[in-house]
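Here the structure comes first, spelled out in structure tokens, and everything after it is commentary.
The values are calculated or read from the model by the stated rules, or taken from the named source; none is laboratory data. Predicted model only: the values in this text are computed from it and were never measured. A quick note on method: Cβ atoms are made from the backbone with ideal geometry, for glycine too, and the neighbour counts reach across all protein chains shown.
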Amino acid sequence: MKQLLVALLAGTLFGAGLAFSGMADPARVQGFLDLFGQWDPTLAFVMGGAMIPMALAWIVQRRLDKPFADAHFSLPGTSLIDRNLAIGAVLFGAGWGISGLCPGPGLADLAINPLPALAFVIALFAGMIAHRVTS
């Protein structure tokens, strides 16, 4: 139950941050990615601002024996940059640039702007299924 409450709180906080920062607005995201047009630097400040609490979280995590809501930390075991990671990053970036959405804001937009977000979420799940079938 503790894990569920922590996940609910984290998801709520993340969704509120997406809405407040404008990252759930595809036009703002596409404006940020339009480097040679009318570039909107707002999201650079959002991403830069997100680095501060994340850096603090890593410092705190190193000092903890275990996380608040689990028996042990589940951290990535590798930092290898391989072909699959590179292809995935390119696909993610292309999808983000075309739609102005990535998975978090896409799901948050189901509550804000459901019709366009639904098309994105359907495509997102189709891609996940295609990956599962081809892997």
### Query
Restricting attention to the stretch 75-125, which residues are acidic (Asp, Glu) and either closer than 15 Å to Pro26 by Cβ or in contact with a Gly (Cβ under 8 Å, 6 or more places away or on another chain) (or both)?
Asp109
### Summary
Of the residues in the stretch 17-56, those that are within 20 Å of Val121 (Cβ to Cβ), out of contact with any helix residue (DSSP H, G or I) (no Cβ under 6 Å at 6 or more places or on another chain) and either surrounded by 12 or more Cβ atoms within 10 Å (Cβ to Cβ) or aromatic (Phe, Trp, Tyr) (or both) number 7
### Task
Give the residues of the stretch 61-86 that are surrounded by fewer than 10 Cβ atoms within 10 Å (Cβ to Cβ) and either over 22 Å from the mean Cα position of the chain (by Cα) or closer than 23 Å to Ala7 by Cβ (or both), sorted by residue number.
Arg62, Arg63, Leu64, Asp65, Lys66, Phe68, Ala71, His72, Ser74, Leu75, Pro76, Gly77
### Query
When the stretch 58-96 is examined, which residues are found to be of a type in the set (Phe, Trp, Tyr) and free of Cβ contacts under 8 Å to residues at least 40 places away in the same chain?
Trp58, Phe73, Phe92
### Summary
In the stretch 22-49, anything small (Gly, Ala, Ser) and under 28 Å from Asp70 (Cβ atoms) is listed as Gly49
### Message
Just checking, does the stretch 41-58 include any residue being of a type outside the set (A, V, I, L, M, F, W, C), modelled with pLDDT of 85 or more and more than 22 Å from Cys102 (Cβ to Cβ)?
### Response
no
### Query
Looking at Gln30, is it at pLDDT 85 or above, more than 13 Å from the chain's Cα centre (by Cα) and under 17 Å from Phe92 (Cα atoms)?
yes
### Qualifying positions in the stretch 13-29 - in a helix (DSSP H, G or I), within 17 Å of Ala111 (Cβ to Cβ) and out of contact with any Leu (no Cβ under 7 Å at 6 or more places or on another chain)
Leu13, Phe14, Gly15, Ala16, Gly17, Leu18, Ala19, Phe20, Ser21
